[in-house]
Amino acid sequence: MKRLLAALLLCSALLLPGHAHAAENLDTMPSAQIVEQAGSLHPSAFYVLASRLLAEGRGQEAANWMYAGQLRYRFMLAVPDAGADDRILFSALTEQVGRPVNEYIAGDPDEWIAAMRWALDWDAATDNHVISKTGHAAELAQVRGGLERLISKVDASRDEIRRERTANGLENR
């Protein structure tokens, strides 16, 4: 199933103009290299990494990178010249990778909050060679603020999250 997911992600990327070469490289790029080059890679690479990590049973790391990817992707989409192809790919990645990562990480609100904070810290400390942070500071602040609000919401809703997960047959850790 995990190989099928990876294949679907890469095929989706190949269908979108401008992403074919990047998708081919991600297919063969080792996870450690994605981590090393993350500041220069398209945010879809973070989702590929998160999917791999989740398949390896490394859920916390998967969530860290998925939220870093989500942050960078939302920032990219907030810039006025974001393309429709990136919106489509982001939607597909959010469903195919984001959903299982979130199902895992929401099982422990402390770990969930830690993943989002890790993403914010990583983003603040890491240059973005895809979209200029200084050239689009207002968009970046808006996107970072959205993730900060989600952290606050999760923190304030811990008991409700656990109840909803139990009612939906999902594990609480």
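Here is a list: Gly98, Gly135, Gly145, Gly69. Which entry is open to solvent by less than 30 Å² (accessible area, probe 1.4 Å) and without any contact (Cβ under 8 Å) to a residue 12 or more places away in the chain?
The conditions single out Gly145.
Among the residues of segment 148-157, count how many are over 30 Å from Glu36 (Cβ atoms) and open to solvent by 60 Å² or more (accessible area, probe 1.4 Å).
5
Go through Gly146, Gly169, Gly135 for me and flag whichever is of a type in the set (Gly, Ala, Ser) and on the phi > 0 side of the Ramachandran plot.
None of the others qualify; the one that does is Gly169.
Determine if segment 109-126 includes at least one residue that is crowded, with 16+ Cβ neighbours inside 10 Å, part of a loop (DSSP other than H, G, I, E, B) and either touching a residue at least 12 places away in the same chain (Cβ under 8 Å) or under 18 Å from the mean Cα position of the chain (by Cα) (or both).
no
Taking only segment 23-62 into account, find how many residues are over 17 Å from Ala125 (Cα atoms), among the aliphatic types (A, V, I, L, M) and surrounded by fewer than 19 Cβ atoms within 10 Å (Cβ to Cβ).
3
Quick check on my filter: what residues within segment 127-164 are over 17 Å from the mean Cα position of the chain (by Cα) and small (Gly, Ala, Ser)?
Answer for segment 127-164, where residues must be over 17 Å from the mean Cα position of the chain (by Cα) and small (Gly, Ala, Ser): Ser132, Gly135, Ala137, Ala138, Ala141, Ser152, Ala156, Ser157.
Taking Arg87, is it at pLDDT 95 or above and open to solvent by 20 Å² or more (accessible area, probe 1.4 Å)?
It is false that Arg87 is at pLDDT 95 or above and open to solvent by 20 Å² or more (accessible area, probe 1.4 Å).
The values are calculated or read from the model by the stated rules, or taken from the named source; none is laboratory data. Since we're looking at a predicted model, the values are computed, not measured. Virtual Cβ from ideal backbone geometry, glycine too; neighbours counted across all protein chains shown. Protein only, heavy atoms only, side chains kept; ligands, DNA and RNA dropped before computing areas. Shrake-Rupley method; radii C 1.70, N 1.55, O 1.52, S 1.80 Å.
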